[in-house]
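Reading through the structure tokens given below for one structure.
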Amino acid sequence: MTVNYKPQGVCVRNIQFELSDDVVSNLAFEGGCDGNLKALVKLLEGKPADEIIAMFRGQTCGKKPTSCMDQLAIALEEARKEKQ
């Protein structure tokens, strides 16, 4: 399942990933902190959605109530609900 998610309240404009057997692949971010996001993509490729959600759900960025990684966790939760 290919997911395109429009995050809210962060610099990233779009998060795209594949979710197959609850494993994340082909993760890409449009916009945001390029170097940091490239590094995170390398670390998160092939990880189970549960692990990513547990690591990043609720993570904030500066004074914002959310972050790019929190938005990824939300996108994963929503994608899993859609699959059911």
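Structural remarks
- Violating pairs (Cα-Cα greater than 22 angstrom) within the set Lys42/Lys81; Lys42/Lys63; Lys47/Lys81; Lys6/Lys64: Lys42/Lys81; Lys42/Lys63
- DSSP-loop GluC sites (Glu not before Pro) across region 1-59, with at most 12 other Cβ within 10 angstrom: none
- Multiplying the residue separation of Asn4 and Lys47 by 0.36 nm and subtracting their alpha-carbon distance yields 13.7 nm.
- Using the Stokes-Einstein relation with a Kirkwood hydrodynamic radius computed over Cα pairs, the translational diffusion coefficient of region 2-83 at 20 °C and a viscosity of 1.002 mPa s comes to 172 µm²/s.
Bear in mind these aren't lab numbers, they're just calculated from the coordinates by the rules spelled out. Just so it is clear, the model here is predicted, and its values are computed rather than measured. Note: ideal-geometry Cβ built from the backbone for every residue, glycine included; neighbour counts use all protein chains shown.
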